[in-house]
Amino acid sequence: MDLNPSFLGIALRSLLAIDLWLSKKLGVCAGESSSWGSVRPLMKLLEISGHGILWLLGTLYCLSRSDSWAGREVLMNLLFALLLDLLLVALIKGLVRRRRPAHNQMDMFFTLSVDKYSFPSGHATRAALVSRFILNHLVLAIPLRVLVVLWTLILGLSRIMLGRHNVTDVAFGFFLGYMQYCIVDYCWLSPHNAPVLFVLWNQQ
């Protein structure tokens, strides 16, 4: 037994305890019998709106229908961003192996093996990444820009309300998604630095 725990150790354990307590308090849609159980179907619709497979398929479809080089360039980079997100989130989940909250119901849409782990929230990383991408590369009216930001925040909150994630999973997910966009922006693919990709896709 450690009789002289470090201040850092005490602080981390305290933060973890607060995280678990707050996550359980906010998990008001974790089940049909929960206090906000009637809102659970709406939260699950939000869950589907941030699913990685649907975003990948949607991006591939738009890429196949695009008839301009500028459009293909944006969509190619969105595809790159989504693949990077799936890879990094799966890698971190596999390394950290934090279990999902005890009050979570494993009834998620199309899960993979790493989806049994909680940290970080893939939906939160994707929402932050996609919203930054959209806000930086699409010309949208202010009301639509506000809707994009609201979608991101509400999607993140829904992960906690459904009991899928703890608060820190979502908070780190937002941070990771923000940083992923920085990577995508720095490594931006274009016909000048990745001509082979664009030529191959043009031949499809």
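Tabulated data for the structure shown
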item: Matching residues in region 60-73 - criterion: being surrounded by fewer than 17 Cβ atoms within 10 Å (Cβ to Cβ) and in contact (Cβ under 8 Å) with a residue 40 or more places away in the chain; result: S64, W69
item: Residues located in region 35-52, provided they are in contact (Cβ under 8 Å) with a residue 24 or more places away in the chain and either outside any helix (DSSP H, G or I) or among the small types (G, A, S) (or both); result: W36, S49, G50, H51, G52
item: Single match in L88, L95, L135 (criterion: modelled with pLDDT of 90 or more, out of contact with any Leu (no Cβ under 8 Å at 6 or more places or on another chain) and under 26 Å from L16 (Cα atoms)); result: L95
item: Subset of region 74-100 (residues that are in contact (Cβ under 8 Å) with a residue 60 or more places away in the chain and farther than 28 Å from G27 by Cβ); result: V74, M76, N77, F80, A81, L84
item: Conditions (1) farther than 17 Å from I183 by Cα; (2) not in a loop (DSSP other than H, G, I, E, B): number failed by E73; result: (1)
item: Number of positions in region 131-151 that are assigned to a helix (DSSP H, G or I), without any contact (Cβ under 8 Å) to a residue 40 or more places away in the chain and either open to solvent by 50 Å² or more (accessible area, probe 1.4 Å) or within 21 Å of K93 (Cα to Cα) (or both); result: 8
item: Any hit, region 158-177, residues being in contact (Cβ under 8 Å) with a residue 60 or more places away in the chain and open to solvent by 70 Å² or more (accessible area, probe 1.4 Å); result: no
item: Some residue of region 92-111 being under 12 Å from the mean Cα position of the chain (by Cα) and open to solvent by less than 60 Å² (accessible area, probe 1.4 Å); result: no
item: V130 at pLDDT 95 or above and of a type in the set (V, I, T); result: yes
item: Pair list, Cβ < 7 Å and 6+ apart or interchain, from region 10-26 residues that are open to solvent by less than 60 Å² (accessible area, probe 1.4 Å) to residues that are in a helix (DSSP H, G or I); result: D19/V167; D19/T168; S23/I160; S23/V167
item: Failed criterion for C62 (all others in (1) closer than 18 Å to N166 by Cβ; (2) in contact with a Gly (Cβ under 9 Å, 6 or more places away or on another chain) hold); result: (1)
item: Hey, D115 of a type in the set (D, E) and surrounded by fewer than 23 Cβ atoms within 10 Å (Cβ to Cβ) or not; result: yes
item: Of all residues making up region 63-84, the number that are modelled with pLDDT under 90 and not polar (S, T, N, Q); result: 8
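The values are calculated or read from the model by the stated rules, or taken from the named source; none is laboratory data. Being a predicted model, the structure only gives us computed values, none of them experimental. When we count neighbours, we look across all protein chains shown, and the Cβ atoms used for this are built from the backbone with ideal geometry, even at glycine. Accessible surface is based on the protein model in full, side chains and every heavy atom, while ligands, DNA and RNA are left aside. Shrake-Rupley method; radii C 1.70, N 1.55, O 1.52, S 1.80 Å.
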